[in-house]
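The values are calculated or read from the model by the stated rules, or taken from the named source; none is laboratory data. Values in this document were obtained by computation on a predicted structure and should not be read as measured data. Methodologically, a virtual Cβ is constructed for each residue, glycine included, from the backbone with ideal geometry; neighbour enumeration extends over all protein chains shown. Please note that ligands, DNA and RNA were not included when accessible areas were found on the heavy atoms of the full protein model with its side chains. Shrake-Rupley method; radii C 1.70, N 1.55, O 1.52, S 1.80 Å.
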Amino acid sequence: MAPSTTVADPQPSSTTDSFDSNAAAENDIRIPKLFSLCAAFDTCLVFFVAAIFVLHKASPGSKSTATVKSKRRIESPSPKIAKKSEIESAEEEDGQFFSTLRLRVFETVWSKIDKTIQDVLRDSNSKVFSGIRDWICESFESIRSSGALSLSEAVRSYPVLSQPSSKQLFTALVLTSKNLEMVDDLLTFEDLGLHLKSQGCHVAKLSSMDFSAKNGVGGCLRGLLRQFVMPTVDVADVTILASWYRESGNHKNPVVIIVDDTERCSGSVLSEFILLLSEWAVKVPIFLIMGVSTAHDAPRKILSANALQRLCATKFTLSSPAERMDAVLEAVFLKPCSGFTVSHKVALFMRSYFLCQDGTLTSFVKTLKIACLQHFSLEPLSIMLEHFCQDNQLPGEGTGLLTEATMKHAFDLPSVTRNKITRSTCEMLPQFLLDLQRMPNPWSIVVLCIYEAGKFDKLRLLDVFCETLDPEARYLKYFSPSSILNSQSNVSGRNSVIRRILRKLRKHASRSNSKLEKELKAMTDKISAVIEFMLREYMKPVETVPFNEILCFKNVDKLQSALLGDPRGRIQSDLLESHSILNCLCCSQRGTTLLPSMHDTSILYALAQEHADVINLHDWYQSFKTILIPRNSKAKSKSKTTSKSKKRKERCEEPEPPAEASIQAVMELQIAGLIRMPSKRRPDFVQRVAFKQEDQFIRQDQ
Amino acid sequence: MEDIDNIEEDECGFSRNYFLAKELSGSSKRSARKLSDINIVDEQELRETACNIETKHEKEISELLNEYKTMYPKWVFELRCGFGLLMYGFGSKKGLIEDFASSSLTEYSVVVINGYLPSVNLKQVLLAIAELLSEMLKSRRKSSGSLAKGQETFPSRSIDDILSFLHGSQSEDKDCFVCVVVHNIDGPAIRDPESQQTLAQLASCSHIRIIASIDHVNAPLLWDKKMVHKQFNWLWHHVPTFAPYKVEGVFFPLVLAQGSTAQTAKTAAIVLQSLTPNAQNVFKILAEYQLSHPDEDGMPTEDLYSASRERFFVSSQVTLNSHLTEFKDHELVKTKRNSDGQECLSIPLSSDALRQLLLDLNQ
């Protein structure tokens, strides 16, 4: 409930005005400043009214100057800026050029990766797609052969019922990845639509949004007509569909309706829709394609018995996310694609995110995109990826990219200093870059070989990929005959996938030794020798190669924090460790005691930790007061005496200083969702709703 | 594997703490002290003074904000790459985001939505954005020499139409977009699934970029995977500012204010003052009856009708009913049946508050 009715209902008319007039917009820009000046609450009200306003409009023509100006403004003397690397400050100077360049390279690289992924997914679906197309063609033929309708017959207001079977609606149930979110398959269904369209079908796509109980069957029919007939249709009349279908050659092709997220649709609306379409099936042969992502009997649970009777269903199954994942991985990282790659740690993070948390390819692709983006925003040399990506000549000194600052940065890279390459070997640079460009090729061949060898063991490429990226792995040790004893004691390699494969290979070799065929033994020996050679020769994880920073993204922490915000944990730790974020001297040495100088909300939240799941407001407030009072005791002794004198309020009485602070603090905790308001039944208590892991207070109490 | 262990450990930690807290509440006796024991004053006054609280660590906070300024170019880059920015962390982020928008996004149009207000109207938001965008595209088209389309008018269209316009408008220039700043995208007025769907659809337009802030710890529950990964395309940024939530908090009821009596009596007075004198008088009859018969369930409707009719406040049952509907809508009056099965009307206010209200009305 709004605190007072004067605040509650700003007139909508005033909001429209505010975003239209420039004057209002200008006023609004100054809001933050004005707020701090606003003493009286009511003065602020004037500004609250604008729920939406235009902060500023794009300044056309100022494109280049504007950014340069803003960048200059940023260069205020702050400690962080002083820490900036030289290359960044150099970039600042012709900042516009570099940031546009980076953006362009990012777009080139990402569009290449994106296209590769799309192609892979399309390929993985192509079999199912052509299956669906064949099914549609066959069924359509059978309908047509059973007797096409004449035009006059078809546009009569009531459909002609010749046989009972004509009420059947041909339906394809497309089973997607089980029990996972629909999100991966949105694109699949879009592709399916395009595929069928290219085959001449009339395709419309409806989603659960169209089948909402609010819009009813009229809503989805309208959606259908808008897609088929024309976008401005506003009536829901199925006869329009029928007459459209009989128009100028439309009837030569089947009509396909795709519903991608069947489970989310309102069952009754969908049933009604199916009944309606089946009544008209004789006039308009409609093929329904329903995406089912839970179990194959999901339609039985959603639809009414009547509707189910009308369906003549066929099942199609799409590939699993893990299979698609391996295909994507192979195409993006192991076949020549963009040149961009990720480090071992990043790969491990992406793997565990996929396996443990999300399980959708979509989020994997998004992770990859974020990694790519951050690579370009963090690593100045990443712009050289453009040349890797396009198989161009590598940039020489003359391209202008390799400025003095860039060179200095390049030779300060950890991979360069680790390999003891110095500026004196500068002329070797093109050679290094060429090595870097060529390196992934043999490496990926070896990875694919291992994957192939591991297939009998149902190995996932994802696992092999992660392991082969490990710069500290020692595959060869495991492979040498003396290693078997050692390897068992090696804990870190406990789950090594590659070791498992190599062992299996060895086992085959030794078994054949004891058995008859010499040839087999000779062959396995050869294979082992080849694999051993390959591993030794080419298995160089990208992170060991000099200058790998150009194409390899490593910062797993940044990736994680950008991908997975953790408001629940982070907001609580913000409050409990406010001093470490604010970097203030006064509170940093506090240990476990609460100091009055700390942020009010911080104190209050730390105090809340001492309580059980409900907090007595009175006690809470009193303990808050005892912490704050020492600070205020000198200055505000006057207000203290007044508060002691009388319990009940007088209009003129000033509130106690801690009261106003605690009001603000409690409200801030409420905004953060950390406490729940007192209920009518329990007016003196608030409820804690978040429990932090490092909840030491509670443990101490135990 | 380690990660799985970690996650499990985390979950164990959370649940352990939850149960510890529960156990604690069972073992130790709950404090029975009352909130009313604290010397608290009127809400209005508290809000006024709360505006003037000195912010602690102002220097550190401004340093923190300065530190975030160094990240502005990165944020712009991320926006240009097609991501949406989601700011979280403790403290009001309104100032930070608006500073970012007005200093670094000068070449793009910026629309600000104050999601913490209860009056946000998404259709108006969409209208404003659609107008800005069509204006922008038109100027681009003009500069590129091709013909501009006829004047498009949006106000008459539905939300779906505006959205499809936003989706449909294409320009070759990928770097041409409108930035939409949403303060508190988890705000009470746009917290419902429909608004979030609309915002998500808006965010998925190729010429729209969203910069939003959240404050509630459970805000991510608003979105499903499609919205997060495909539509909003969030990049999370942890930017605690520790700045006071001044404007965001105005619409939150205050826990420590002595809300009940003073507050509701005051709101009731405001509502009543906006009604006709006859309606006020009917209300007064009811109030006086309730004060003189504190033990009853309320005043039977027929009695109220006859009493009001006697004094010529209403002429028919219909007029009385219209007054009563008005009262009920504002929660000034509740109905229930008494033991005889008669419909009774009562005012959900304490006697003190009711007396105060009558005094206010008679002034």
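At-a-glance table
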item: Carbon/sulfur fraction of accessible area - region A:121-320, other protein chains in place, 1.4 Å, %; result: 53 percent
item: Mean Cβ neighbour count within 10 Å, used as a protection proxy, ranking B:284-296, A:333-345, A:617-629 highest first; result: A:333-345, A:617-629, B:284-296
item: Segment A:Ser268-A:Thr100, extension gain: residue separation times 0.36 nm, minus the distance between their alpha carbons; result: 55.2 nm
item: Per-residue average of Cβ from other chains inside 10 Å of B:184-191; result: 1
item: Computed label-point distance, nm, for sites B:Ser158 and A:Asn583 using a 7 Å Cα→Cβ extension; result: 5.4 nm
item: Estimated dipole of region A:173-223 in Debye, rounded to 20 [Cβ of Lys and Arg +1, of Asp and Glu -1, Cα centre]; result: 260 debye
item: Accessible area buried at the A-B interface, both sides summed, 1.4 Å probe (Å², nearest 100); result: 12700 Å²
item: Whole-number percent relative contact order across region A:564-622, with pairs defined as alpha carbons under 8 Å at least 6 apart; result: 28 percent
item: Estimated inter-spin distance, A:Gln431 and A:Glu472, nm [label 7 Å along Cα→Cβ]; result: 3.1 nm
item: Fraction in percent of alpha-carbon pairs per bin - 10 Å, region A:326-378; result: 23, 60, 17
item: Filter on A:Lys335/A:Lys455; A:Lys112/B:Lys174; A:Lys205/B:Lys123 - keep pairs with C-alpha separation over 20 Å; result: A:Lys205/B:Lys123
item: Virtual spin-label span in nm between B:Thr335 and B:Asn66, 7 Å along Cα→Cβ; result: 6.6 nm
item: A:Ser130-A:Asp297 FRET efficiency (beta carbon distance; Förster radius 22 Å; 0.05 resolution); result: 0.25
item: Estimated FRET transfer efficiency (B:Glu288, A:Met677; beta-carbon r; R0 41 Å; 0.05); result: 0.75
item: Potential lengthening between A:Glu532 and A:Ser111 on full extension [0.36 nm per residue; Cα-Cα distance subtracted]; result: 147.9 nm
item: Pairwise FRET efficiency - B:Lys74 versus A:Thr317, Cβ, R0 = 51 Å, nearest 0.05; result: 0.70
item: Residues whose placed amide H lies under 5 Å from that of B:Val314, excluding near-sequence neighbours; result: B:Arg309
